[in-house]
1. State all residues of the stretch A:333-369 that are surrounded by fewer than 24 Cβ atoms within 10 Å (Cβ to Cβ), in contact (Cβ under 8 Å) with a residue 40 or more places away in the chain and more than 16 Å from the chain's Cα centre (by Cα); if no residue qualifies, say none.
2. What residue, among those in the stretch B:160-183 that are modelled with pLDDT of 95 or more and in a loop (DSSP other than H, G, I, E, B), is surrounded by the fewest Cβ atoms within 10 Å (Cβ to Cβ)?
3. Can we say A:GLU34 is part of a helix (DSSP H, G or I), surrounded by fewer than 16 Cβ atoms within 10 Å (Cβ to Cβ) and in contact with a helix residue (DSSP H, G or I) (Cβ under 8 Å, 6 or more places away or on another chain)?
4. If I go through the stretch A:291-350 residue by residue, how many of them are outside any helix (DSSP H, G or I), of a type in the set (A, V, I, L, M) and closer than 29 Å to A:VAL35 by Cβ?
5. Filter the stretch C:186-207 for residues that are part of a helix (DSSP H, G or I) and either in contact (Cβ under 8 Å) with a residue 60 or more places away in the chain or surrounded by 24 or more Cβ atoms within 10 Å (Cβ to Cβ) (or both); which is nearest to the other protein chains (Cβ to nearest Cβ)?
6. Quick check, is A:GLY435 assigned by TED's automatic domain parsing to the domain that holds A:GLN460, among the small types (Gly, Ala, Ser) and modelled with pLDDT of 80 or more?
7. Which numbered condition trips up A:ALA371, out of (1) aliphatic (A, V, I, L, M); (2) modelled with pLDDT under 95; (3) over 18 Å from A:PHE9 (Cβ atoms)?
8. Can you find a residue in the stretch A:74-97 that is in a strand (DSSP E or B), within 29 Å of A:GLU126 (Cα to Cα) and small (Gly, Ala, Ser)?
Amino acid sequence: MATEFSQKFKADAKRVAGDLRHRELIQGALRKYEVVRDSCKEAFQDWQGAREGAAERKSDAIDHLDTYLEEFASKLEARGTKVHWAGTGPDARQIFLDILKEKGARSIIKSKAMTAEEIHLNEALEKAGYSVVESDLGEYIVQLRHETPYHIVFPAMHLTRGEISSLFAEKLGSAPTDNPEDLTMIARAVLREKYVTADVGITGANFAVAETGMVSITENEGNARLTAALPRTMITLLGIEKIVPKLGDLALFLPMLATAGAGQALTGYNSMYGGPRQPGECDGPEEFHVILLDNGRTALLADAEQRDTLRCIRCGACLNVCPIYRNVGGHAYGTTYSGPIGSVITPHLRGLQDWKHLSQASSLCGACSEACPVKIDLHHHLLQNRRNAMASKPVRWEKLAFRAFGWLAVRPRLLEALMPFGRFGQKWFHWIVKGGRLDPVRVWTETRELPAFAPSSFTQLWRAKKRAEAAR
Amino acid sequence: MNAEKQKILRRIREALGVHTVHTVHKVHPQGDIASWLPKVGPAFEAWAELFAKNSVQLKTSFHLVESEAAAARLLAETARAEGWQRLAAHGNGPARAIVTTLGLPSLWTDGGYDARELERCDAGITECDALVAQTGSVLVTSKSAGGRALSVLPPHHVVLARREQLVADLPAAFALLERKYRDAYPSFIGFITGPSRTGDIERILVLGAHGPKKLTIVCW
Amino acid sequence: MNTCYPEAGMSMVKVLERLGHAVQFHEDIFCCGQPAFNAGYWDEARMVAGPVLETLAGDGADAIVIGSGSCGAMLKVFYRDLFAKTALEGKAAAVGERTWEFSDFLVTKLGVTDVGAHFPARVTFHDGCHGLRELKVKQQPRRLLEHVRGLELIEMREAETCCGFGGTFSAKFPAISTAMGEVKCASAADTSAEYIVSNDSSCLMQIQGLLDRQKKPIKTMHLAEVLARQ
């Protein structure tokens, strides 16, 4: 039953959940986020109305995805953009390689793109002999560590300044420093050189505006703007679900993304790109390529029950509030998209049976659905994934156990008859094996005490009460 | 490429359960967005106050002055205080007029420029399309602000704006873009909200990650 | 509640009778079927939930009151999904309409916030997730506790954060469940309250289990038990 993915997840989750230093670091950071997020939400005249409006607009986009994608592509092409369509990750990687080869690319600068992580772009480019430099500070840091991003918005959230200082000292030869500003300036100096010399810039995108044929990129650092300004060739990779119908819709999505994702009223730079350098413009890439990626999104689209997951604007709010994420961290998920959204879509994108454990590792508390700015019914989708997984491939012993419980649960008199044995066993025998290898409920008792069976059950107390009342 | 496009579109149509191409889209009233977003006052005074308040919070240096001449004087003081040696700017409007008065070696991005030379400039001075009170943002495009890099590469970005350019909120800003550029959008449109920043190290705010460490807005 | 926390159930009865209502109990209902449902075994869940639905549908009671946010959510919200497109679809909807979580019943349905309780203690309240997010139970328990004479209610940091029980989740992913519970216990301990009160026995079982292992003095108590005290 346990796949290697689920075994690794359980082991990693257990290790990180018990790491008190990690717990304090991550939860401390996220508590600060909650404070600023709440003040941004309160500034909205109608946050719930905004969620409705955002959900409606994204639903419209998804429900008419074919039309909007065609509009998007044709508007871009009218301005000289080359639009490519990639069915799978390997298709997308090949498109990149073809462009890079044709352009004789020597130096590549890249800004943050979760879709690029999804298709393992950097590895493919490096294998083909290209060197790719991540320009987003957090991504740059995890790239130096040969790690994947820890969080979809804050890639290096799991590291302390001391760890980053040692990293820079080791890889860049810089002097160790405890000061985050100094550390940032070290990275800034290294990367400025790359901006000016890179011949190819690769970006992701947060939104794809159908009406005007533009990709919209949100960031705080300015590295994506530089990636889109200076290199001669610009390539943007994005999932097909990023569509929003109208340019004016961004007036809603940009502040909601900033509020939910980072607790900011608006992110530092929100930039829309509609083509390569146009006649009369003094800079910008000579060639602009946009790669539209499917890679399983049409499969999600086909599941009418879970189609709303394609509304996701990748803000990270669900990660921030998820108690599972807050205790196991982003890496334990073992896949590109972590947190609740990752737990919902990964079984669809990468295989239900291999990844159902992510949908199972949840208490279904619903904090994610509550936080989602586009009202995706995340926690109910986790339930649906579980149902689908067990319907197609039930776990034999588990199904049997639930059948047995079902048989017993409708025979309360039998349960009543068994209660004294339960009490006896708990009082006289359980203490011997409690918490150890032979304890049948070790999964509980390893860390927690069990409640005692009450001397009289509610049913017994109820009957006694009724008898006393009748006697009166 | 086209074959892949058709395959993807076909998968989408099958997934949505339709076999014909949609031609009608649901039209959303745009007016409601403004009613959900944070409240903004009714006119210039309220907008200027809100923009100023936001600027303080964002660590943007915002100055409302009486005239273009006053703006030029302010820039001259800044140039002295910061020890500017080389500037970059654009166009044939107020930016060129004011920067010329400063008498410093200047790079003009119109018509093209060398990226290394731009990188060596102490400040990039641009005009803009609008200032947005609701968020404290500057709206620029590659047409109004001398290209894509001028407003982001030099370590100090100075924006020259007119009072009439101050708008209430984001919906108003997008409406302005549509009116101004509808049939010929510039290839780059940008909302700039404060200097460059990062929270990637322990979520501690640091300014000047890659883009400008300083943002100054002079409005008359 | 039947086997381990019968006092909570008897307390509910006491409070309802004190307010002048006749209370009925179905001895043959043991479980709402949520464990199998949450694990994805919906056929097996229907084995348990079907008879429950039949019993409740025909009992003639004005209201079904449940002392648990999670069981309440099962009946009120999830039975609709479980029995969708089956013969019991209508009954599921009808029973859901009549179902109330205990504090919601008192405050929203009966309009009562003072049940004449007296419990001098410092108390903090943990919001059980299903009650909070599926049944919108947030203010109701607090308003009831406000009117308990002598009681001081202190809000804990992250009162709405899940305690980590989540049904079979606590057994399938015990390390994560424990970590979540530890965070909850720490939040409660920081208030220096004497009691952690909640409207869900499963949450209390998880929290008490950790507190007992840690040998901490703070005690858990079901909301009904607080309200029954005089």
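The values are calculated or read from the model by the stated rules, or taken from the named source; none is laboratory data. No experiment lies behind these values; they were computed from the predicted model shown. No Cβ is skipped: glycine too gets one built from the backbone with ideal geometry, and neighbour counts run over all protein chains shown.
1. The answer is A:LEU352, A:GLN353, A:ASP354.
2. B:ARG162
3. yes
4. Of the residues in that region, 1 qualify.
5. By that ranking, first place goes to C:MET205.
6. Judged against the criteria, A:GLY435 is not a match.
7. (2)
8. Within the stretch A:74-97, one or more residues are in a strand (DSSP E or B), within 29 Å of A:GLU126 (Cα to Cα) and small (Gly, Ala, Ser).
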